[in-house]
1. Given 10 Å bins starting at zero, what is the percent of C-alpha pairs of the chain in each, up to the one with the largest pair distance?
2. Arranged by the count of other C-beta atoms within 10 angstrom, fewest first, what order do 110, 189 take?
3. On a 0 to 90 degree scale, rounded to 10, what angle separates helix 146-159 from the longest Cα axis of the chain?
4. Report, to the nearest 10°, how far helix 119-133 tilts away from the longest principal axis of the Cα atoms in the chain, using its own Cα long axis and a range of 0 to 90°.
5. Tell me, 28, 42 in order of fewest to most beta-carbon neighbours within 10 Å?
6. If each of residue 18 and residue 78 carries a label point 7 Å out from its Cα toward its Cβ, how far apart are those two points in nm?
7. Counting only C-alpha contacts under 8 Å and six or more residues apart, can you give the relative contact order of region 115-195 as a whole percent?
8. Rounded to the nearest whole Å³, what is the per residue volume of the convex hull around the Cα atoms of region 115-195?
């Protein structure tokens, strides 16, 4: 049971916010748009958990941006007390995935010492392997730009739609190059494996594979008692 006296340092909250902060039991979904106080509520929830004895390392906080993660943790620390949140797993989805894969990556065939490709590096590598495979049959002026190569691949990975569908719907001017792009993506994936490289989309895909692994999945899940997700994007 939570101790109501432990929440005396929390900010003034509406009745709805208060119910969300002290909620105990099943999962809770809060539907709220920009400017409705969701950051305050989530920060207060985090502070409430720690103030009531939940070890911070047993809490995971996920956001879409570094700025949001920093703001949430900063507010919660103001209310919970200095250094009381040390050890909490707070950050963006990609940052937390990166941290988990550094610890458990071998379970999904990834060297924990992998190198993370940023978006620019990913586009450059895609262009490199495409040029290595090129037979000069496609005029330079019609070749997909490296940014398009990265964008189309990301959409395929995240929506799980076939490449042909993605190209027809979002990049129709290169739809006739589907075979070339497919070969490029295959070579890109092979190059990543060879060099122990991981891109941002891989982080989420591998995290999903990790939690579905029959051995590693329960191990990861057992680390956390509370998962807080700030999934609404204001921009």
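1. In order of increasing distance, the bins hold 7, 26, 26, 20, 13, 6, 1, 0 percent.
2. Values: 110 19, 189 15.
In increasing order of surrounding Cβ atoms, one gets 189, 110.
3. 50
4. That works out to roughly 20 degrees.
5. Values: 28 11, 42 25.
Going from least to most buried by this count: 28, 42.
6. Roughly 2.1 nm, to one decimal.
7. Working: 47 pairs, mean separation 27.3, N = 81.
Relative contact order for region 115-195 comes out at 34 percent.
8. On the way: hull volume 7.3 nm³, N = 81.
Per residue, the Cα convex hull of region 115-195 comes to 90 Å³.
Laboratory data are not the source of any read-out in this text; all were calculated from the coordinates shown. As the structure is a prediction and not an experimental result, all values here were calculated from the model. Heads up, the Cβs are rebuilt from the backbone with ideal geometry, glycines too, and the neighbour counts pull from every protein chain shown.
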